[in-house]
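The structure appears right after this line, and notes come after that.
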Amino acid sequence: MDFLTLFAVYVAVVLTCIIFICKYSGRENNPLNSILNIITKVFATITPKWLQQFFQRCLHRMFHKRNNFLIYLQFLLVGAVYAEFSYEVFGFCLEMGLSQTSLSVPYVLLAFETLFFYLCVKRDPGTVTEKTNSIHLHAYPYDRKLFHPSMTCPTCNLIKPARSKHCRVCERCVGRFDHHCIWMNNCIGAYNTRYFLLYLLALCAMAADIAFLTGAMLLEVVLQSGLFWAKYIDEYGQQQQAGPQFVMQHLFMTFPRIVFMLGFVVFVFLLLGGYTLFNFFLAFVNQTSNEWYRSRSHACQHCSPTLKDDEMSRTTTHSKRFYYNRGLLRNLGEIFFPPQPVGKKDR
């Protein structure tokens, strides 16, 4: 398999990951999603109808129904990365003189990542039932902007607590609902947000450490082989100085699996790094993903140029975006030690 073929496979996999993440991230209005819809319509004209229906059923079952497919896929991807790291990179790093202690860090991070992932999947996110409804009703006050008192969930037939939402995938109301995570096959809510944040941290640290060790190994190979100063004969018989492109192609052809793994973990780190920062920002201001998206939509509805100045002032005052912000420490304490307001007075 030549360099161009390997590179094409790599680019195809990365682009497929980006497309699916954008398509099913929960945000319908984004440029890539619009482009994907156009491409889908084009292919619909040349694809048999039975194949379209089969593909749609598969996607609906995968992303809109509870199933463990993406959990197994995640285990497969993590297992493939660690298998390659242990099989090739670990031995090279030992020969480079790195200590076994530093090389054991990715495995320690894997243990933490697996633990937090398990807790996210198995722990109840804060299901609102007849028995727990009173607890959730007293947990947070209504902001009367996104959440209003006396509203009833038409599916569960229960009064909706503030900050709760009915998940159509799990078919239940969840207290302090953040989002439904398809990778966890579970909602992220009041009682497992802490594990989700720690899971993201462990996953990013794991990807960064593996990328650092792998990159250091490849750099050492290049330095020891003298590729930066090497020369080669091109197709016209002329002697050329080996540049970065030649070095990258040589590494890709010599260590295809290692380079592919490095590109994958760097992509995961960059993608999840931004997502992790966003989630911690929401934790610092005590806001959920659901509230963030809804507050943006609500703010746009009130930005009408026909409003008078005094009306705009009242609207801005009423629509305080970070209504539940209690300060950094109290916000984090609320997430990592969820409130249990049994016996407390109504706020």
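The values are calculated or read from the model by the stated rules, or taken from the named source; none is laboratory data. Since we're looking at a predicted model, the values are computed, not measured. Here Cβ is always computed from backbone atoms with ideal geometry, including for glycine, and neighbour counts include all displayed protein chains.
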Quiz item: Inside the stretch 123-137, can you point out the residues that are crowded, with 19+ Cβ neighbours inside 10 Å, assigned to a loop (DSSP other than H, G, I, E, B) and on the phi < 0 side of the Ramachandran plot?
Solution: Pro125, Val128
Quiz prompt | Close pairs (7 angstrom Cβ cut-off, 6 or more residues apart or separate chains): of a type in the set (D, E, K, R) in the stretch 110-134, part of a helix (DSSP H, G or I) anywhere | solution = Glu113/Tyr199; Glu113/Ala202; Glu113/Leu203; Glu113/Met206; Arg123/Tyr195
Quiz item: Which condition does Asn67 not pass, out of (1) modelled with pLDDT under 70; (2) surrounded by 11 or more Cβ atoms within 10 Å (Cβ to Cβ); (3) under 28 Å from Arg294 (Cα atoms), if it passes all the others?
Solution: (1)
Quiz item: Among the helices (runs of 4 or more DSSP H) contained in the stretch 274-338, which hold 3 or more residues that are assigned by TED's automatic domain parsing to the domain that holds Leu198 and modelled with pLDDT of 90 or more?
Solution: 289-301, 328-336
Quiz item: Quick one: which of Leu98, Leu73 is assigned by TED's automatic domain parsing to the domain that holds Pro161, at pLDDT below 90 and outside any helix (DSSP H, G or I)?
Solution: Leu98
